[in-house]
1. Can you work out the Karplus-derived ³J(HN,Hα) for every residue in region 211-219? Use 6.51 cos²θ - 1.76 cosθ + 1.60 with θ = phi - 60°, whole Hz, and x for glycine or proline.
2. Be a star and scan region 198-232 for residues whose amide nitrogen sits under 11 Å from the point 7 Å along the Cα-to-Cβ vector of GLU255.
3. DSSP loop GluC sites (Glu not before Pro) in region 27-118 with at most 14 other Cβ atoms within 10 Å of their Cβ, which ones?
4. Quick check: the distance between the Cα centres of region 154-220 and region 1-37, to the nearest angstrom?
5. As a footprinting exposure proxy, order MET41, MET1 by other Cβ within 10 Å, with the fewest listed first.
6. How are the C-alpha pair distances of region 24-148 spread across 10 Å bins, as whole percents from the shortest bin up?
7. May I ask which of LYS111/LYS259; LYS44/LYS304; LYS12/LYS44; LYS342/LYS389 have a Cα-Cα span longer than 19 Å here?
8. Sort TYR64, TYR278 by Cβ crowding within 10 Å, fewest neighbours at the top.
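All of the numbers you see were taken from the coordinates with simple rules; none came from a lab. A quick note: this is a predicted structure, and the numbers were derived from the prediction, not measured. Counting neighbours? That spans all protein chains shown, and the Cβs are built from the backbone with ideal geometry, glycine included.
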Amino acid sequence: MTYDFTTRISRKDKGSAKWEYMYQCCDKVEDNIVPLSVADMEFKTPPCIVEGLKDFLDNAVLGYTVPYKSYLEIVKKWFLKRHDFKIESQWIVQSPGVVNAFTAALRSLCKEGDGVIVFKPIYPPMVGAIESNNFKEVNIPLLNREERYEIDFDAFEKEASNPNNKVLLFCSPHNPVGRVWTKEELLKIGKICLENNITIISDEIWMDLIRPGKKHHILANLSPEIRDITITCTAPSKSFNIAGLYNSNTIVSNEELRKNLKEELVKMRSTSINILGYKACEIAYTDGEDWLVELLKVLDENFKLCQDFFKKLNLPFANPEGTYILWVNFKPLGLDQEELHKFLYEKARIFTSPGSNFGEEGNGYERFNIALPTEVLKEHLQRLSDEIKKL
Ligand SMILES: Cc1ncc(COP(=O)(O)O)c(C=O)c1O
């Protein structure tokens, strides 16, 4: 390995959401414990980004920002090179993060009471964006086929044909179940939405984190017709561990959808992004690919390690096709929600994300973030395994 994916780093007292949530659960936490919850990584941000930002800061004037030509060119190149998606500069809309982008997109498409289709379990802020804006959540639970999750196309088609339902808020790859949707599945989604005037907000923030042998297809890239009804939310944050810089690139080819989205971002006062976010994205998409390729190998190794562990413990899990999260079914332990968390936090000292946060379909599940040094992950899994054996 050329890059460092092994150093153990404490993020205590550094403003890390993941670490602070852990201390909120438990005020006394041993120094060797690392939280496995919020989706950022316990790896150093790539050296090209850190060094590049230092160079930039040496002569920087940290003023207000707007997108600039070389930035847009680099974003375009990344999409073409890694995803075979040819985009135009004017299709790219900036906002401070993907949650912000999909919230603005929803607000630009729906009025109060309009139905928004989601496939649960799903990333909680998607539901938050629907609820806090008084839109109607239309949940079509994913079909759990022995921990491989699939879309219930019959139910989807039925809900799509209801004229009160206006938008599909889609997660691709899917957080938390780790599915990388196949081309066939995506085409089916596109067809149903086209036939029923449903606009798609496709959150593809995990697009670069795909396991060997799997391929991510950008939904909007499957046909000009699908592209025309799709708002694609992306960011470099998951791929390069720069979530704290709040940058996102939303791709919208349809002029009217783009105009409405931009107007909503103005209303939300959310048009500008951090100057370091621009710079970090530019550096990542120019010089970060080698690091990303190595990262994917480490993540794959970590997934395999988890799979061996959970198989031995007889705890079923969704075999992830992408992302760096693992969705594990703890129901075989026979503990209720409260007992499970008491066990995980107090006995095993494992701080994962409770599955119930992702919808009632997640009751009894835990979401593990496995983006941490392999040896540290091993220690945590061993501790969990030892404690489970004592139950
Ligand atoms: C599907 C999905 N969308 C969006 C985000 C967060 O995006 P941002 O930090 O850019 O708001 C996450 C983070 O976990 C995510 O999993």
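1. Per-residue couplings from phi come out as 6, x, x, 10, 10, 8, 10, 6, 3 Hz.
2. The answer is none, because no backbone nitrogen lies closer than 11 Å to the label point.
3. GLU30, GLU88, GLU112
4. Centre-to-centre distance over Cα atoms comes out at 33 Å.
5. MET1, MET41
6. Spelled out bin by bin, region 24-148 gives 9, 21, 30, 29, 11, 1 percent.
7. LYS44/LYS304
8. Ascending number of Cβ neighbours within 10 Å: TYR64, TYR278.
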